[in-house]
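Step one of this worksheet: look at the structure below.
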Amino acid sequence: MARTRPTPTAAVPGAGTLFALRAIGLVILARWLHSMAQMNFIAALEGMASSPAASLNLVFLFLLIVLPGARARVERPFHPLPQWLRQALRFFGVLGFLFALGSIGVFVWTAGWRRTFHAVADTNGWLVAAPALYAAVVWICRPRALWRSNFAARRFAIGRFAVSIDAATRTTVVWQESRKVGQYDARELSVRWLSGAPQGDAVASGPALLPAPVQTDDPASAAGVTEPVAAADFADSADSTAAPGGGQSAATPEPGAPAAQRPVSARSAVAPEGKPARRAKIELLWDSPAAAGHNRQTVFRVGLAAEGDRTAARALDAALKQV
């Protein structure tokens, strides 16, 4: 007897996005048909033919329900839609959201809040649900990377860009949403920090000079490298070097001291706890000596808005240095 093929229990990544978009389209279409059934159907069709807003909604519903070219794939978990379809749904969703808000706003302005509450109850909350559905489509089709960051697999998601590094072949593939930007030699790529710092959230707004280092056998200490320090370190060093009988504050510099040796204040030395001093921004640079005319090219430039983006940027910088 032939064995039955087992049904896979795990859903393909991206199938939930397709289901949600089709469900929103069917809900809007069902409500539209219900509203047309309450009036003359022929008159409603004639009114739709002469209404640009109705024509745009028809195109939007067709794309939302049919989803031409959409297919859930494992290698593209966050982008089951083609790029043109994602941008079209985002555009029509913004138009529909603004049209719904404008229509509801005009009705509230002319009818008043009491009649608006009665209209919401009579329509079973559709006046509130309609803008929410359009906003949900815009949110689902928002710009995002191709996948989540997976540092073990050397996959990095920074903003709308996704970077994958193949350690065996030393190649790097860069994606902008679902569009492939290019394939590069990982040894020719580098991360450049335009603002902020890769050390973490505490970013110094200006370099602070430490006191003269103690002569030790450590070559790193003997080099006299200056590093940004916290305000507490300045307070400890100032208390230890202050004169015993002086009434002047230890943090106050002497009148004859040069400006370079004056300690910085706590506000300029370290950023507030949990917040960066400024929004960090990085560039991925491609410097290929073998490619004529392509020396020092910028692959992408992106701002690090979330903590996950900053962590992925630091991991990408470390991974490219290790290749």
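Table for the structure above
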item	result
Test: residue in the range 188-201 that is assigned to a loop (DSSP other than H, G, I, E, B), hydrophobic (A, V, I, L, M, F, W, C) and at pLDDT below 90	yes
Evaluation of ILE104 against (1) in a loop (DSSP other than H, G, I, E, B); (2) touching a residue at least 12 places away in the same chain (Cβ under 8 Å) (one fails), failing number	(1)
Pairs, first acidic (Asp, Glu) in the range 305-323, second part of a loop (DSSP other than H, G, I, E, B), C-beta under 8 Å, six or more apart	GLU307/ASP201; ASP309/GLY159; ASP317/PRO198
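The values are calculated or read from the model by the stated rules, or taken from the named source; none is laboratory data. Here the structure is a predicted model, which means the values were calculated and not measured. Neighbour counts are summed over all protein chains in view; Cβ atoms, including those assigned to glycine, are modelled from backbone coordinates with ideal geometry.
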